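Let me begin by presenting the structure, written as structure tokens, before commenting on it.
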Amino acid sequence: MDLRFALEVAVSALMIAGGIFAVIGAMGMVRFRDFYMRLHGPTKSTTLGVGCVLLASMSFFWLKNGHPSLQDMLITLFLFITTPVSAHLLTMSGLHHKLPSAPETKGQPYELDDEDDIARN
Amino acid sequence: MLTNAIAISALLFMLAIALNFYRLIIGPSIPDRLAALDTMYVNAIGAIILFGMWLNTTLYFEAALLIAMLGFISTVAVCKYLLRGDIIE
């Protein structure tokens, strides 16, 4: 009984941590000044929040039904694989559109249309 | 206690989705809006999983998996369209 209470505390903590991470990612999405800064929110914090909630869901149904379900881990694995790919493509499209960057953003975007200069020289 | 935790976490996810919707509306460029939409579907997966826990059923895993796959495919398609002007070359 005591072990069950400890497991419930762990599942509740995981769920609330997931919600807090999602809100932190959304606040970064709203408050950062730059498209390249703004990509930090969804790629790191939101993925971690949803991963926490999926881990909590797996533990929850393990607690209820007595056997673990691996479908949650499938969703987590898929999300952890696909989020960097979509973030990379978003950055590529942002560079292609030559979006302005804030002066605090370090580094310059790689010039994508240097092929003409290379061909000319 | 688990019921209260699910309610608090669902409220936090609703707040996150509302903030992302704000960025989706005011976003100054198209990649900004696309990043906001990408974050919104990732948050919707968490909200649907929480709804399945609230109803105490495992039926919503398939819905979450479908949202994950279709959201990724649509993000990649719109990014390819923004990059190349065409989806399948």
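The values are calculated or read from the model by the stated rules, or taken from the named source; none is laboratory data. Predicted model, so just to flag it, every value in this text is computed and none were measured. Cβ placement follows ideal geometry from the backbone for every residue including glycine, while neighbour counts extend to all protein chains displayed. Ligands, DNA and RNA are excluded from the accessible area calculation, which covers all protein heavy atoms including side chains. Shrake-Rupley method; radii C 1.70, N 1.55, O 1.52, S 1.80 Å.
Summary of values
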| read-out | value |
| --- | --- |
| HN-Hα J in Hz across region B:10-25 - Karplus 6.51, -1.76, 1.60, θ = phi - 60°, x for Gly and Pro | 5, 4, 5, 5, 4, 4, 5, 5, 5, 5, 5, 5, 4, 5, 5, 7 |
| By accessible area with a 1.4 Å probe, ligands and nucleic acids excluded, highest first: order of A:Leu7, A:Leu79 | A:Leu7, A:Leu79 |
| Carbon and sulfur %, accessible surface of the protein assembly as shown computed with the full protein complex present, 1.4 Å | 70 |
| Area buried, chain B against chain A - accessible surface, total, 1.4 angstrom probe, square angstrom | 4200 |
| When the convex hull of its Cα atoms is projected in every direction, mean area for chain B (nm²) | 6.3 |
| Rounded to the nearest 10 Å², the accessible area of B:Asp38 at probe 1.4 Å | 10 |
| Those residues of region B:61-89 for which accessible area with every protein chain present is at least 50 Å² below the isolated value (1.4 Å probe) | B:Phe61, B:Leu65, B:Phe72, B:Cys79, B:Leu82, B:Leu83 |
| Kirkwood hydrodynamic radius (C-alpha pairs) into Stokes-Einstein, the protein assembly as shown, 37 °C and 0.692 mPa s, D in µm²/s | 180 |
| Helical mean residue ellipticity (222 nm; -39500 (n - 2.57) per DSSP H run of 4+; nearest 500) of the protein assembly as shown | -26000 deg cm²/dmol |
| Note, ³J(HN,Hα) from phi for region A:25-39, Karplus 6.51, -1.76, 1.60, rounded to Hz, x at Gly and Pro | x, 5, 5, x, 4, 7, 8, 5, 8, 9, 5, 6, 6, 5, 6 |
| Solvent-accessible ranking of A:Ile75, A:Ile24, A:Ile16, largest area first, probe 1.4 Å | A:Ile24, A:Ile16, A:Ile75 |
| Per residue value of the accessible surface for region A:34-95 (all protein chains in place, 1.4 Å probe), Å² | 42 |
| Accessible area of A:Leu74 in the full protein assembly, 1.4 Å probe (Å², nearest 10) | 90 |
| Area accessible to solvent at A:His97, 1.4 Å probe radius, in Å² | 80 |
| Between region A:2-20 and region B:31-89, the Cα center-to-center distance that results, in Å | 26 |
| Rounded to 10°, Cα long-axis angle of helix A:47-65 versus longest principal axis of chain A | 20 |
| Förster radius 25 Å - calculated FRET efficiency between A:Arg33 and A:Met92, Cβ distance, rounded to 0.05 | 0.75 |
| Average beta carbon contacts from partner chains per residue of A:55-68, 10 Å cutoff | 3 |
| Spin-label pair B:Leu66/A:Val9, simplified geometry with 7 Å Cα→Cβ offset, distance in nm | 4.0 |
| Reach of A:Lys106 by Cα under 28 Å, taken over lysines that are not fewer than 8 positions away in the same chain | A:Lys44, A:Lys98, B:Lys80 |
